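Here's the structure, in structure tokens; my notes come after.
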Amino acid sequence: MRASKEILANEIGVVFRSTGSSQLAGAQADVEVDPQLVSCEGTIEGGVFRFKAAHFEWLLQIAYKLGLGFNDVGKRWHGTDATLFFCDELKRLYGNEDYLISQAASYAVENWAAAGFWDELVEGFTKYNKRTRVDLPLAFFTWHSRLEAQHAQHTQEELEELYFGRELDEEAFVSDGNEMLNGVATFWDGLEDQRKHLAAA
Ligand SMILES: [Fe+2]
């Protein structure tokens with residue numbers, strides 16, 4: 001429960017406080033809201049909430065640069081069928097009431113995420129920025145890339161803990177994980193279809 005809250009509260013804008021140092025609350029406003037500087041490790045326990053440290057606000061900064069406003073992004077009705085399929089699979093599997101199903105989905109997604117997709121996005125956006133000179137702020141992506149580098153180490157330990165900690169149906173674990181990855185693939189294939197469609201237009 002607390003591990004999940006670490007992620008959720010951080011996502012909404014509670015800045016990670018490093019467990020080692022005694023960081024003074026409110027003393028480092030810029031450090032705490034600039035995604036280029038904000039910490040990607042530590043705990044939300046005793047951390048400071050800042051509106052501007054919310055990941056969605058970082059995404060909004062990118063949207064503004066593209067001429068989109070708050071109401072143009074982030075709503076369910078903006079989603080394509082492929083994207084919504086992914087969202088619904090996340091809800092069904094990642095958020096499943098059965099802990100082993102959610103853990104299988106989590107293991108699959110975390111391992112996929114740790115395989116470098118954030119870096120590929122940064123590379124692509126960097127090229128886009130160079131070509132168009134739009135200068136999109138990429139810190140949302142570079143921050144998650146930094147975060148993911150640490151997650152990669154944790155997923156294997158979590159799997160070990162799970163495997164040796166309780167009875168586990170291996171077949172079900174693999175098939176639940178694969179179902180989740182199908183959702184991920186549907187999302188990216190959907191984007192690729194859109195790209196091809198736009199390129200042909
Ligand atoms: Fe995030």
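Only the coordinates and a few stated rules stand behind these numbers; no lab work does. None of these values were measured; they are calculated from a predicted model. Positions of Cβ are backbone-derived with ideal geometry, glycine not excepted, and every protein chain shown enters the neighbour counts.
Miscellaneous remarks
- For the chain: lysine pairs under 21 Å (alpha-carbon distance), excluding those fewer than 8 apart on one chain: 9
- Coil-residue GluC sites (Glu not before Pro) of segment 92-130, DSSP, other Cβ within 10 Å capped at 15: Glu97
- The percentage of C-alpha pairs in segment 101-201 whose separation is greater than 17 Å is 64%.
- Ordering Ala54, Leu90, Ala105 by the projection of their Cα atoms onto the charge dipole of the chain, which places +1 on the Cβ of Lys and Arg and -1 on the Cβ of Asp and Glu, puts Ala54 at the extreme positive end.
- Stokes-Einstein translational diffusion, the chain - Kirkwood Rh over all Cα pairs, 1.567 mPa s, 4 °C, in µm²/s: 69
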